[in-house]
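Working notes, beginning with the structure itself.
The values are calculated or read from the model by the stated rules, or taken from the named source; none is laboratory data. Worth saying up front: this structure is predicted, and the values here are computed from it rather than measured. With ideal geometry, Cβ positions are generated from the backbone for all residues, glycine too; neighbour counts draw on all protein chains shown. These accessible areas exclude ligands, DNA and RNA; they are computed on the full protein's heavy atoms, side chains included. Shrake-Rupley method; radii C 1.70, N 1.55, O 1.52, S 1.80 Å.
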Amino acid sequence: MSTPEPLETAPPQQAVRSPLSDGEWHRLHPLTPLLRGGLFLLVLAGILIANLRDRLIEWFVPGMSFGDIDVDVDYQGDPFEFLVSNNLLLVAGLVVLAILIVVIAVFYVSWRFHTFRITGDDVEVRSGVLFRTHRRAPLDRVQGVNLTRPMIARLLGAAKLEVVGAGLDSNVKLEYLSTTNAEAVRGDILRLASGRQLTGGRAPHGRADLFGTVSAGLTGLIEGEDRVEEPASVVHIPTGRLIASHLLSGSTIALILLLIAVVAGAIFGTPWVLFSIVPALIGFGAYWFRQITRSLRYSIAPTPSGVRITFGLFTTITETLPPGRVHAFEIRQPILWRRFGWWAIRVNRLSGRAATDTASIQFAEILPVGTRDDVERVLRLFLPDITADRWTELFAHGLLGPAADDPYTTTPKRAWWLRPLSWKRNGFQLAPSMLLLRSGVLRRALVLLPLARLQSIRVDQGPVDRLHDTANITGHTVLGQVSGTLGILDRSAAVALWHDTSAAVIEAASSDRSHRWSSNAPADSNAPADSGADAPVDADAPAGAEADVDAVEGGDFGHAFAPDLDLDPAPESDPGLESYPAPESDPDLDRDHGRDPGSEARP
């Protein structure tokens, strides 16, 4: 008997660990229909309970009484009474049984037709019975892999994977897999995307006992332990600090102002206005509870596949951000946190969701609250070229500044009234590998834009800016919670920054090595064959990779500006700027944005 040849689409055996990553089509977890259709079953059960609540009380609590009071329950109009009086119980039972059979059959057929495969180039998912859907996520465009374990799924030992693509609504979901398989597949996808090789054995593939799985899941839910092995976190957030950080926020100030307004209305108006505060208190309480439980059990650690972030008490989410997939950072400090020295970090990244999506906002936070040392540890995971001396300067001038010998170019004094509180702090600095934007006094913020990820930079000038000879700059990245805009700067300084950043971006993009971040890394021969988790690595060690300029999202480095700024043309001796020809202006697009046709030019 001849040995069958491997599939052409199969990934290399030395790069995968899970038997599900063999290039063939596989089905999801057998409990997937139950986990995905659980909401429908809950709604159906709620309808039945609402219509039969009196009967259920009579059946399950037959001796219930209210002291000496005889309770005469009127069942007129009750659905069950109608069925009994018309001898339709058998018919109703058969109808319910038929509905259950149809629902189970639909769930089973849907599960049979929902398959996935992992090849050397893509992650593919096929679904649908009447209307077939085929989604594909190219591995070279994978921005990260999220592993989510909802509470019910954790009890059943299941988890869902979400492969984050490079476009809007481009994510590919595998819901659900067993927790062990999900972790192994997650590692395989990231390993294939990075080009890293593995010489260890494969993880075993088998079916776990359901009772033991549920028991272990319930124990982990109560004791805070999961079956998934997590690397040691470099940041530990005390629960008290996490709760206090949410209470010392803008929502708390809004609640206090609302209480003052309601009390004043009750004193000078009608006392009945006090009852209006009850829904507000319930809403704020639910909001705080949801935000706090989402941030509990936070951990962040380096792995060979990227930076792994885990958070969530009831629904645990584990996301892995590969190196170079973060396009912007913002370190911020609300005024109520200043006394405690707390900071938070959020990022812009391609999440496959709209910027207004609540899940996108949640994934943007990579450090909900932390000290100065915590901020340094997290930043150096993503930006390993930040040395200790560089961090000291970044913290002193960027976060706490302005200080003596301030390297930032700030708002000119002639335009102070446009930034009356922050004009001395509002400024920028072009560092060797990133553009720094500093702003805010009541709410300190420092935005870091890695030059290799910067898509374009724009200089614009409005009527008020022309009167004061100032301009605004905007560094364009992917859509997200971090804004790359900084206003009220000296016009000449903004123009100089535009020229300098143009050349620096092209140079940084041409030498970027973050696309196949582990293709030159040695094979992991020490990795255990049955472990799906990645071993921690040194956060300060940059990952080796081969240069690939195509990894930079948005290859057009054109930069828009207003013609009134009298910009000098780019030097002819600069080959980097000459390599990006200027696209012609679109008059229709200009009119849509409220500009005159031809009001912008590109180098």
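Structural remarks
- Taking the conditions (1) closer than 26 Å to Thr303 by Cα; (2) of a type in the set (A, V, I, L, M, F, W, C); (3) in contact (Cβ under 8 Å) with a residue 40 or more places away in the chain in turn, Val125 satisfies each one other than (1).
- Within the stretch 14-40, being part of a helix (DSSP H, G or I) and at pLDDT 70 or above holds for Thr32, Pro33, Leu34, Leu35, Arg36.
- Single residue of the stretch 486-506 satisfying the filter (within 29 Å of the chain's Cα centre (by Cα) and not hydroxyl-bearing (Ser, Thr, Tyr)) that is farthest from Ala471 (Cα to Cα): Ile506
- Residue within the stretch 460-469 that is closer than 23 Å to Ser422 by Cα, at pLDDT below 95 and surrounded by 22 or more Cβ atoms within 10 Å (Cβ to Cβ) present: yes
- Verdict on Val447 being more than 15 Å from Trp498 (Cα to Cα), of a type in the set (A, V, I, L, M, F, W, C) and not in a strand (DSSP E or B): no
- Residue list for the stretch 130-182, restricted to those being charged (D, E, K, R) and either in contact with a Lys or Arg (Cβ under 6 Å, 6 or more places away or on another chain) or open to solvent by 10 Å² or more (accessible area, probe 1.4 Å) (or both): Arg132, Arg135, Arg136, Asp140, Arg141, Arg154, Lys160, Glu162, Asp169, Lys173, Glu175
- Subset of the stretch 89-129 [of a type in the set (Val, Ile, Thr) and surrounded by fewer than 16 Cβ atoms within 10 Å (Cβ to Cβ)]: Val91, Val95, Val96, Ile99, Ile101, Val102, Val103, Ile104, Val106, Val109, Thr115, Val129
- Criterion violated by Pro11 - all others in (1) farther than 30 Å from Leu139 by Cβ; (2) at pLDDT below 75; (3) within 46 Å of the chain's Cα centre (by Cα) satisfied: (1)
- Among the residues of the stretch 306-342, the one identified as in contact with a Lys or Arg (Cβ under 9 Å, 6 or more places away or on another chain), basic (Lys, Arg) and either open to solvent by less than 30 Å² (accessible area, probe 1.4 Å) or within 25 Å of Thr179 (Cα to Cα) (or both) is Arg325.
- Failed item in (1) modelled with pLDDT of 70 or more; (2) among the β-branched types (Val, Ile, Thr); (3) open to solvent by 80 Å² or more (accessible area, probe 1.4 Å), with Ile69 passing the rest: (1)
- Count of the stretch 284-305 residues which are in contact with a strand residue (DSSP E or B) (Cβ under 6 Å, 6 or more places away or on another chain) and either at positive phi or modelled with pLDDT of 85 or more (or both): 5
- Taking residues in the stretch 84-97 that are assigned to a helix (DSSP H, G or I), and partners anywhere that are open to solvent by less than 90 Å² (accessible area, probe 1.4 Å), the pairs with Cβ atoms closer than 7 Å and at least 6 places apart or on different chains are Leu89/Leu83; Ala92/Leu83.
- Condition met for Arg186 (part of a helix (DSSP H, G or I) and at pLDDT 85 or above): yes
- Against the conditions (1) in contact with a Ser or Thr (Cβ under 7 Å, 6 or more places away or on another chain); (2) within 20 Å of Ser21 (Cβ to Cβ), Phe116 satisfies every one except (1).
- Qualifying residue in the stretch 286-305 (condition: assigned to a strand (DSSP E or B), open to solvent by less than 40 Å² (accessible area, probe 1.4 Å), in contact (Cβ under 8 Å) with a residue 12 or more places away in the chain and of a type in the set (Val, Ile, Thr)): yes
- The helices (runs of 4 or more DSSP H) found wholly in the stretch 189-283 and carrying at least 3 residues that are within 25 Å of Val369 (Cβ to Cβ) and at pLDDT 80 or above occupy 239-247, 250-268.
- One residue from Leu448, Leu435, Leu442, Leu454 being open to solvent by 30 Å² or more (accessible area, probe 1.4 Å) and of a type outside the set (Asp, Glu): Leu442
- Given (1) open to solvent by 60 Å² or more (accessible area, probe 1.4 Å); (2) farther than 28 Å from Phe382 by Cβ, number of the condition Ala280 does not satisfy: (1)
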